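The structure under discussion appears below in the form of structure tokens.
The values are calculated or read from the model by the stated rules, or taken from the named source; none is laboratory data. No experiment lies behind these values; they were computed from the predicted model shown. For neighbour counting, all protein chains shown are included, and Cβ atoms are generated from backbone atoms with ideal geometry for every residue, glycine included.
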Amino acid sequence: MASPLKCDLCSKPATVHLTQIVNNKIHKVDLCEACAQAKGVTDPSGFSLSDLLLKASLNPEAASETMRCEHCGFTQNDFKKHGRFGCPHCYETFSAMLEPMLDNMHKGTVHTGKVPQKALERKNLHDRLTQLEVSLDDAIKSERYEDAARYRDEINQVKQAFGAKLAR
Amino acid sequence: MTIASLIATPSELTDTASSKCAIVLMTRIRLARNLAGNPFPGWAREGQRGVVFETCREALAATPQMKRGLNVAIDELSDLEKQILVERHLISRELSGAKSAAGVVISRDQTLSVMINEEDHLRIQVLRAGFQLKKTWNAINDLDSALENVLDYAFSPSLGYLTACPTNLGTGMRASAMMHLPALVISNQMEKVVRAVNQLGMVVRGLFGEGSDASGSIFQISNQTTLGESEEEIIKRLGSVLNSIIEHEQNARAKLMESDAAKIYDKIGRAYGILQHSHLLSSGEAMNLLSLLRLGIDLGLFPDESRSVIDRLFIEAQPGHIQHASQHDLETNQRDILRAERLRAEFAAFAKPDFSRNSQN
């Protein structure tokens, strides 16, 4: 027989095995008696599976090496404490930890709803301009004046086309 | 608009002009949004929060929807003013406990409110009386798009709108309906309903959200998940769950009337008597009595027009509103005296129940 299941929260042998079906998806948790009691699993009304799963995926053993978000200094341990992230960039930093969590938490793992089209256009444009300006600088420094002229024209074009949007 | 004039003006929920209907008291949708490149409010330093607060305030003030609305920092409001906004569902308890660099912008008609620096940089909310998921969605979608013109939202093509808590990722949307379900409560079916609704990926809460009790047999039902489905799909799914709850409530009412009409009439008649003659009323008891009268209206014992009176009193009988009406600091006991006085006055002019009309719907 396979080795006995470990508790998702504290790694003691699990004796409580819970399966819940939400949104046609099966969620399973294995817990030891003490954790099951502490989390109120035995009380069907006051028990939040998503909350539990959130914490289960943060098993202290897995979190031993501390990752840190380079943008805001947020660590995996901070997430364990607060259950919230530090900044939008944390979603990239902690993506490996996040993925299994999302599957349990949501109906799907990929966004299919509204997209902030204008904000994204603005961002793309901004990125493009920054890129062109760098290229322009480079071209001037290395005395490639024909290239520089081309970049300058392109910058002007982009600025004009989206002039109104860049106003802010 | 100042906070004083906002409080003095009827809100969407208390205004007699807005449409009131049986079972669904109001529809509400909120969107969680954050600004790219800025730490979330719970992790940001004071100065960073201040910058986000000012940016969002300005962006909101410039939208046509918020023209001549209320635009305040939370520390400009007294505890009582905050409580009144909570009772009107315009701000959350969490925001009312925030220190500084947080605030709220509320439209003149009090159907739109945007909290700044609550759990997320922006919590956009639209609230409408009755069962109006589509209209509510359209209104909030418009306001969100208007803001997107000037604010750079934190967004990932695969994860959607990025929120402080991963449970709100994706659409960042929570759509909910406030439902009045007295017959399901009286016939002890609520637990069963809660379980069934949970299995469909929806959540049931009390009147004031997470952790609040369901006094007055009023429940808030909303979507649990936000990622993997579009806004329209979530709303459609919620709509069909709500419709089936409405059907269950109606069946429960029909059954109660069939098997034990005297018991229901007795409850409603007594509630009417207490509202007309009591001298001490806690807000919990008042909610329960008003709830029974609303059931009476749905059963045809009182005229339909009186429904808006009840819906207004659901809000005006809350502690903050009673306190505000008195202009003095009150102890709980004094508040209960005033609440009873207030309701005696309201119900002195209220139509008498007509138990001879046996209409059922």
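Answer yes or no: is there a residue in segment B:194-204 that is surrounded by 19 or more Cβ atoms within 10 Å (Cβ to Cβ), facing chain A (nearest Cβ under 7 Å) and touching a Lys or Arg at 6+ places or on another chain (Cβ under 9 Å).
For segment B:194-204, residues surrounded by 19 or more Cβ atoms within 10 Å (Cβ to Cβ), facing chain A (nearest Cβ under 7 Å) and touching a Lys or Arg at 6+ places or on another chain (Cβ under 9 Å): present.
Take the residues in segment B:165-188 that are touching a residue at least 60 places away in the same chain (Cβ under 8 Å) and in a loop (DSSP other than H, G, I, E, B), then tell me which one is farthest from the other protein chains (Cβ to nearest Cβ). Don't jump to the end; show me each part of the working.
Going through segment B:165-188, the residues touching a residue at least 60 places away in the same chain (Cβ under 8 Å) turn out to be B:168, B:171-184, B:186-187.
After this cut, where a residue has to be in a loop (DSSP other than H, G, I, E, B) as well, the list is B:171-172, B:181, B:187.
On the way: B:Thr171: 4, B:Gly172: 9, B:Leu181: 16, B:Ser187: 18 Å.
For segment B:165-188, the residue satisfying everything is B:Ser187.
If we only count helices (runs of 4 or more DSSP H) wholly inside segment B:1-94, which ones have 3 or more residues that are touching a Leu at 6+ places or on another chain (Cβ under 8 Å)? Break it down into steps so the answer makes sense when it comes.
On the way: elements: B:3-8, B:46-61, B:79-87.
Hits in segment B:1-94: B:46-61.
Mind checking which pairs have a first residue in segment B:328-344 that is touching a residue at least 60 places away in the same chain (Cβ under 8 Å) and a second that is assigned to a helix (DSSP H, G or I) and crowded, with 19+ Cβ neighbours inside 10 Å, Cβ under 6 Å, 6 or more apart or different chains?
B:Leu343/B:Leu275
What single numbered condition from (1) surrounded by fewer than 20 Cβ atoms within 10 Å (Cβ to Cβ); (2) part of a helix (DSSP H, G or I); (3) not charged (D, E, K, R) fails to hold for B:Ile140?
Going through (1) surrounded by fewer than 20 Cβ atoms within 10 Å (Cβ to Cβ); (2) part of a helix (DSSP H, G or I); (3) not charged (D, E, K, R) one by one, B:Ile140 breaks only (1).
Is segment B:231-244 home to any residue that is in contact with a Gly (Cβ under 6 Å, 6 or more places away or on another chain), within 30 Å of B:Arg174 (Cβ to Cβ) and not aliphatic (A, V, I, L, M)?
Kept after step one, since they are in contact with a Gly (Cβ under 6 Å, 6 or more places away or on another chain), are these residues of segment B:231-244: B:231.
Narrowing the set further to residues that are within 30 Å of B:Arg174 (Cβ to Cβ) leaves B:231.
Then drop every residue that is not not aliphatic (A, V, I, L, M), which leaves B:231.
Yes, segment B:231-244 contains at least one residue that is in contact with a Gly (Cβ under 6 Å, 6 or more places away or on another chain), within 30 Å of B:Arg174 (Cβ to Cβ) and not aliphatic (A, V, I, L, M).
For segment B:198-222, name all the residues that are modelled with pLDDT under 70 and among the aromatic types (Phe, Trp, Tyr).
Scanning segment B:198-222 gives a single hit, B:Phe208.
When you look at B:Arg49, is it touching a residue at least 24 places away in the same chain (Cβ under 8 Å) and more than 14 Å from chain A (Cβ to nearest Cβ), yes or no?
For B:Arg49, the condition - touching a residue at least 24 places away in the same chain (Cβ under 8 Å) and more than 14 Å from chain A (Cβ to nearest Cβ) - is not met.
Kindly indicate the residue of segment A:146-168 that is in contact with a Lys or Arg (Cβ under 7 Å, 6 or more places away or on another chain) and at pLDDT below 65 and also farthest from A:Ser135 (Cα to Cα) among those meeting that condition. Write out each step before concluding.
Quick first cut of segment A:146-168, residues in contact with a Lys or Arg (Cβ under 7 Å, 6 or more places away or on another chain) only: A:158, A:165-166.
Now narrow it down to the ones that are at pLDDT below 65: A:165-166.
Details: A:Lys165: 23, A:Leu166: 20 Å.
Once the filter is applied, the top-ranked residue is A:Lys165.
What number of residues in segment B:214-242 are in a helix (DSSP H, G or I) and among the small types (Gly, Ala, Ser)?
Applying the first criterion (in a helix (DSSP H, G or I)) to segment B:214-242 yields B:215-217, B:231-242.
When the remaining residues are screened for being among the small types (Gly, Ala, Ser), the result is B:215-217, B:239-240.
So the answer is 5.
Okay, residues lined up against (1) of a type outside the set (S, T, N, Q); (2) at pLDDT below 95:
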{"site": "B:Ile234", "(1), (2)": "yes, no"}
{"site": "B:Arg237", "(1), (2)": "yes, no"}
{"site": "B:Asn251", "(1), (2)": "no, no"}
{"site": "B:Asp260", "(1), (2)": "yes, yes"}
{"site": "B:Lys267", "(1), (2)": "yes, no"}
